[in-house]
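Following: one structure in structure tokens, then a few remarks.
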Amino acid sequence: MTRWTIAEARAIHDLPLLELLFRAQTVHRENHPPDAVQLCTLLSVKTGACPEDCAYCPQSGRHDTKVEPERLLPVDEVLAKAKKARSAGATRFCMGAAWRDAREGEQFERVLEMVRGVRGLGMEACVTLGMLTDEQAQRLKEAGLSAYNHNLDTSKEFYGSIITTRTYQERLDTIARVADAGIHVCSGGIIGMGETKGDRLGMLVTLANLDPQPESVPINALVAVEGTPLQDRPPVDPFEMVRMCATARILLPRSMVRLSAGRQEMSREAQTLCFLAGANSIFYGEKLLTTGNPDVEADMALLRELGMRALVPADPQKQKPAEVAPLPPPAE
Ligand code: SAM
Ligand code: DTB
Ligand code: SF4
């Protein structure tokens, strides 16, 4: 396994843009179909009133945002949404809960039921529930969970400026528990929070040096939400997203690089450059967790215009290899 250093990552990140794009696209083609993106749909299954103080997050109970807290949703409501996402062409359904750590008891059983239900629909299931115990990770694995999202978000050095209620090490420990339970790790981060380039690279290098590397790496541009401490951060320059996607692609050649929050503010052309840079997955559906995302119709129109196809992931349980499929037909 290659061990990356910050200096190596920096040399890649800072290449002239066209050279960076060429290299990222070369790595991309060696490891993935060049014209396919995975469509993943998100749902907040438990919203708001989170005890953590993540400065970017509209769901933290410590910030005065317009998010209305909601209890954990009933299973049938979640599965109805998953079915709808599947009909619209999504192959992964990601469920987020605003918890510091996964609950015990009935609520955890309910989450397991959601996971089994989503898997039963033939979709990949991903959840993000905060910190986990070994036993919870094991039970999620047994329920068929495909991936667990737990972002590093930024560098170790900058972490304390963004979150004070937990440590970077706790984040890494949960990631290790998830991997030990045999669940794929989904871990990435956010740019635009006031971090330096070194912080962005520190995060990517930490992710790239995990063994195994994460199966998926979401790259988020901060959505500056009113009422959060980061509400006045200036928008991220789209070229910086392109450079992050390209650097992630080169450092993590086989991971799915997911162009995540912030797409609503990006032009079609900027998103296309991110695809060229190796992003091969998007969140698809009118909402992320609590904030907006491009309309399904606009995303389909863009992907059709680009001549892209849908990436249908492998299903090891059914011994089905990954496939590239046409995009779903336009809605009636
Ligand atoms: N509570 C769980 C946790 O912290 O892992 C799961 C939910 S949390 C909302 C998942 C991720 O969403 C965060 O790690 C962060 O990367 C991303 N996120 C949250 N708010 C965001 C924002 N305003 N802009 C961009 N990304 C955001
Ligand atoms: C990730 O990295 N981004 C997604 C998903 N993982 C869970 C969440 C983005 C949330 C953006 C703010 C919101 O909608 O609340
Ligand atoms: Fe809570 Fe997760 Fe938001 Fe942090 S990012 S406040 S842990 S929901």
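The table for this structure:
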{"item": "The chain - charge dipole about Cα centre, Lys and Arg +1 at Cβ, Asp and Glu -1, debye rounded to 20", "result": "580 debye"}
{"item": "Rh (Kirkwood; distinct C-alpha pairs) - the range 3-87, Å", "result": "17.4 Å"}
{"item": "Kirkwood Rh and Cα Rg combined as Rg/Rh, the range 158-307", "result": "0.96"}
{"item": "Residue 131 long-range amide H proximity, modeled H, under 5 Å", "result": "101, 102"}
{"item": "Largest to smallest principal axis extent of the C-alpha atoms in the chain, angstrom", "result": "53, 46, 39"}
{"item": "Long-range amide H partners of residue 256 with built H, under 5 Å", "result": "216, 217"}
{"item": "Three principal axis lengths of the range 84-217 [C-alpha, angstrom, descending]", "result": "43, 33, 26"}
{"item": "Sequence ranges 57-63, 318-324, ranked by mean other-Cβ count within 10 angstrom, highest first", "result": "57-63, 318-324"}
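Read the figures in this text as sums done on the coordinates, not as results from a lab. Because the structure is predicted, anything quoted here is derived from the model rather than measured. A quick note on method: Cβ atoms are made from the backbone with ideal geometry, for glycine too, and the neighbour counts reach across all protein chains shown.
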